[in-house]
1. When the chain is modelled as a GNM with alpha-carbon springs shorter than 10 Å, which of Ile32, Ile311, Ile183 fluctuates the most?
2. State the dimensionless ratio Rg/Rh of the range 85-178 (Rg: radius of gyration of Cα atoms; Rh: Kirkwood radius).
3. Can you run the Rg to Rh ratio on the range 236-382? Use alpha carbon positions and the Kirkwood inverse-distance Rh.
4. At q = 0.16 Å⁻¹, what log₁₀ I(q)/I(0) does a Debye calculation on the Cα points of the range 233-290 give, no solvent, two decimals?
5. Using the charge dipole of the chain (Lys, Arg: +1 at Cβ; Asp, Glu: -1 at Cβ; taken about the Cα centre), state which of Val208, Gly281, Gly187 has its Cα farthest towards the positive end.
6. If packing is taken as the average number of other Cβ atoms within 10 Å across a peptide's residues, how do 229-239, 75-85, 53-63 rank, most packed first?
7. Over the Cα atoms of the chain, how large are the radius of gyration and the largest Cα-Cα distance (Dmax), in Å?
8. Percent antiparallel among DSSP beta bridges with both residues in the range 162-325, to the nearest 5?
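Please treat every number below as a calculation from the coordinates, not as lab data. Everything numeric here is computed off the predicted structure, so don't read it as measured data. Cβ atoms come from the backbone with ideal geometry, glycine included; neighbour counts cover every protein chain shown.
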Amino acid sequence: MKAVVYEGPRKVSVKDVPDARIEEPTDLLVRITTTNICGSDLHMYEGRTSFETGRVFGHENLGEVVEVGPAVSKVKVGEYVVLPFNVACGHCKQCEKGLTNYCLTMQPVPELAGAAYGFADMGPYQGGQAELLRVPYGDFNALRLGEDAEERQTDYVMLADIFPTGYHATEMAQVKPGDQTVIFGAGPVGQMAAYSAMLKGASRVWAVDHQPDRLALAEKIGAIPVNSAEVNPSEVIKDATLGLGADNGCECVGYQAHDPQGHEDASLTLNGLIDAVRFTGHLGVVGVFLPEDPGGKEAQNELEAQGKVPIDFGMMWFKGQTMGTGQAPVKKYNRALRDLIAGDKARPSFVVSHEIDLAQAPDAYNNFDERNDGWTKVVMHP
Ligand SMILES: [Zn+2]
Ligand SMILES: [Zn+2]
């Protein structure tokens, strides 16, 4: 089968690899029809993780079931399914609590938790930027789609990661109807966080970024754009809230946060959030931060290479804020978000800028990595 293979920093190729196949009785085999490139693929693409060369990318996957293992009883051949990026077992201590993002049995390293398709440090599972994908514990992991699956693939594929991840950010930030919410980062996940806050009935949502195309997209869905290259976001937000700040906020950028000149500072958006949110506000951090940054070792900041991010903790403590962190438990939200799409209440495909064939992946990775104008979210059809 054809697949997008990691060849080393800033190099991917589309080539033939052995077909994915059923390996365990509980597996599904899915013919991938839609798969996305994600911002977290870029951390791996840039060589800023331990992702091994030769592995297949792709954790945002949707497709048609073409084969089921003998122990699969619910999911049927021919059904369209969307797969949470989390690979989970359903029976460990974490999965039983709904925390499929930190599943204990699918992660082979005993001191780690959590597994994903095509992801650094998250198990051996191949990605779905390929013609076929093996899905472990298919009955548990696959979310089945209705009759509109084929025509709305670009909406439903967002259930694999970015829509639930954006939603999870707003859950950790405890966004409620009427809240005034600030979102740092207007990339795909930030867009989904802003969109989720509005679905929950937030009264005002600010989207902070320095990329004009991303801000324009956030404005289109009803957020208030704040260009951090031109203004101080917390000043704008405090001016609009009697000096108090937003009720809550989300961080959707991660450790490669940088200023408009490209200077990286992993604490930039976290400190912006602590400043812009009022006393006792809740912060949801879904931007990726890692315990070690292989690419950061040459950087000036020795601390950040070791995953140490100096944030304004004194101010955060003084303000009595709480912070939720980590990857999203997709399964906790994907069913309800699927039904919002099916019921015409949500259209997360607004974020899609490019729909391409798998063969165009190397060019798309390059454009997305360069943050070239207009390259917001790439959807591939293998
Ligand atoms: Zn993703
Ligand atoms: Zn588990």
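1. Comparing Ile32, Ile311, Ile183 in a Gaussian network model of the chain, the most mobile one is Ile311.
2. Numbers: Rg = 14.7 Å, Rh = 14.8 Å.
Radius of gyration over Kirkwood radius for the range 85-178 works out to 1.00.
3. Details: Rg = 18.5 Å, Rh = 18.1 Å.
Reported Rg/Rh, Kirkwood definition of Rh: 1.02.
4. -0.50
5. Gly281
6. On the way: 229-239: 16.1, 75-85: 20.6, 53-63: 23.3.
Sorting 229-239, 75-85, 53-63 by mean packing, highest first, produces 53-63, 75-85, 229-239.
7. Every Cα atom of the chain included, Rg and Dmax give 19.9, 62 Å.
8. Details: 1 of 23 bridges.
Once the DSSP bridges in the range 162-325 are tallied, antiparallel ones form about 5 percent.
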